[in-house]
Amino acid sequence: MKMKISVYFVLTCCLFITTMAYSENRYVTERMRITLRTGPDVSYKVIGLVGSGESVELLEGREQWSRVETEDGKVGWVMTRFLSTDTPKSDLLETLQKEHERLKNKAKSYADENSKLKTENLDIKKELSKKVIEFNQLNQRYEALNKGCQKYKELKIEHDKVAGEMKKRQAELVQLKEEKAVLESNQLFWGFGLALGVLAAGFMIGKTSQKKRSGRLF
């Protein structure tokens, strides 16, 4: 009797341990492919497979089975429990990962562009500094030229003034030359007239003297 109880106890323990071993949790992955059948039962012919994340149009919904149309135009029945109005988490995670990668690449592109802009900004600053120096040099040259131009204007005014005086003096000189010529002409005329007068006077005196001599002889 004691032997039977011990065997029964051992068998009970083994059964309990075996039950515990098979009671571990199991998870059905979202990444699956479900069958598309010609009718609402597993006995109907399989006409295709629908993968996780694929969109189907619901034509008729039942508790166990639903009639749908796939993206490629096939119409058939699938188990209702595998259909959901929500995007599968695996697909959503993949979408988020792709978006994260896209944003990461975009951020890297922005960082590269920012670095490039910083380099260009430094180059622009250097070029601007160079242009400022050139501008200051040109400004100094302009100031010097402006002063020279002002001096030139003053010299030109003085030159014009002297030229006016010279022109005036030349006009006066021409007038003096003309007056001198007139005076010389008058002097020549009066000298010639005076000579004629002297000759005439001498001639008259000679005639008078001759008459007197002739009177004395007679």
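Side notes on the structure shown:
- So residue 113, is it at pLDDT 85 or above, under 52 Å from the mean Cα position of the chain (by Cα) and part of a helix (DSSP H, G or I): yes
- Filtered by the rule that a residue be small (Gly, Ala, Ser) and surrounded by 13 or more Cβ atoms within 10 Å (Cβ to Cβ), the stretch 40-87 gives 48, 52, 53, 66, 76.
- On inspection, residue 119 does not qualify as of a type in the set (S, T, N, Q), part of a helix (DSSP H, G or I), under 30 Å from residue 34 (Cα atoms) and not assigned by TED's automatic domain parsing to the domain that holds residue 45.
- Check on residue 78, among the β-branched types (Val, Ile, Thr), under 29 Å from residue 35 (Cβ atoms) and touching a residue at least 40 places away in the same chain (Cβ under 8 Å): yes
The values are calculated or read from the model by the stated rules, or taken from the named source; none is laboratory data. Fair warning: this is a prediction, and the values are worked out from it, not measured in the lab. Don't worry about glycine lacking a Cβ; one is built from the backbone with ideal geometry, like all the others, and counts go over all protein chains shown.
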